[in-house]
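Single-structure report; data block below.
The values are calculated or read from the model by the stated rules, or taken from the named source; none is laboratory data. Note that this is a predicted model, so its numbers are computed, not measured. Counting neighbours? That spans all protein chains shown, and the Cβs are built from the backbone with ideal geometry, glycine included. These accessible areas exclude ligands, DNA and RNA; they are computed on the full protein's heavy atoms, side chains included. Shrake-Rupley method; radii C 1.70, N 1.55, O 1.52, S 1.80 Å.
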Amino acid sequence: MARVFPLPGITADDEFIRRSFAQAEIARVPACRFVAEAPRCLEPLIRVRKRVLRGNRALGATAPPGEGGRAMLRAALRQPARWPDVTLFVLVSLWVRLSLALEGGRPAARWDRDETRRVPRPLTPL
């Protein structure tokens, strides 16, 4: 508990907690699943990506080995059918980084979450 509390006053507190533990200390529960859905539109995707990058910068964090954009790019580039997806990923990533640079480090005025996917869903048994 002392590793994570008190939580820092940053957006990426979940990432702070995740990175406070070694892989060997994290339990994986095979029966526990979830579906992470991307935003339906470009504008909310850009807002969410900006929030993620702001949070990671506040942590001074870099992606752990095997995670992050570079690892995804390397995997996708080996599959020519994914090249259109890779192109869009790179363009969105560049746009997000450029818009963050133009903000000049000012904090976000709002949370910037994706409202296009905030739909209540019924609970399903495992």
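Counting only protein heavy atoms and using a 1.4 Å probe, the accessible area of THR87 comes to about 80 Å². Computed from backbone phi with θ = phi - 60° and the Karplus coefficients 6.51, -1.76 and 1.60, the 3J(HN,Hα) list for region 21-37 is 10, 6, 3, 5, 8, 9, 8, 10, 10, x, 6, 8, 9, 8, 10, 9, 10 Hz; x is used for glycine and proline. Here region 1-92 was treated as a single set of alpha-carbon atoms; its pair distances binned every 10 Å from 0 give 12, 34, 39, 14, 2 percent.
Net length available on complete extension from GLU43 to TRP83 is 12.2 nm, with 0.36 nm assigned per residue and the Cα-Cα distance removed. Distance between the 7 Å Cα→Cβ label points at VAL4 and ALA101: 3.5 nm.
Placing pseudo-labels 7 Å out from each Cα toward the beta carbon at ALA36 and ALA22 gives an inter-label distance of 2.4 nm.
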